[in-house]
Amino acid sequence: MVLRGLDALTTNEKIIECINRQTNSIIKIKNCQIARDPLTNLSNGYAFVELNSIQVLKNKNFFLIFFSKN
């Protein structure tokens, strides 16, 4: 899953915490990697989130519920 429009100070922990809170921990996150500027180490505004399963993401209603809460 790709997340865009992140703040420059976003952390992996904050992304995981937010996804868990918004989805009631339905999604199991395997890995989270923020794209960072090599000189400043600040977020480039996007991140990659690897999940244990993509089954929950196949449900279109999931996207409507998740993104309508933000």
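Given a 1.4 Å probe and the protein chains as shown, R21 ends up with an accessible area of around 130 Å².
The phi torsions of the range 46-51, fed into the Karplus equation with coefficients 6.51, -1.76 and 1.60 and a -60° offset, translate into couplings of 8, 8, 10, 10, 9, 10 Hz, rounded to whole numbers, with Gly and Pro shown as x. Using heavy atoms of the protein chains and a probe of 1.4 Å, the accessible area assigned to V2 is about 90 Å².
May I ask for the percentage of alpha-carbon pairs in the range 1-47 that lie more than 12 Å from each other? Before the final figure, lay out each step's value.
Numbers: 652 of 1081 pairs.
Taking all Cα-Cα pairs of the range 1-47, the fraction more than 12 Å apart is 60 percent.
In order along the range 5-14, phi translates into HN-Hα couplings of x, 7, 5, 5, 9, 4, 10, 4, 4, 5 Hz, rounded to whole numbers, per the Karplus curve 6.51 cos²θ - 1.76 cosθ + 1.60 with θ = phi - 60° and x for Gly and Pro.
The values are calculated or read from the model by the stated rules, or taken from the named source; none is laboratory data. If you're wondering where the values come from, they're calculated on a predicted model, not measured in any experiment. Heavy atoms of the whole protein, side chains included, go into the accessibility calculation; ligands, DNA and RNA do not. Shrake-Rupley method; radii C 1.70, N 1.55, O 1.52, S 1.80 Å.
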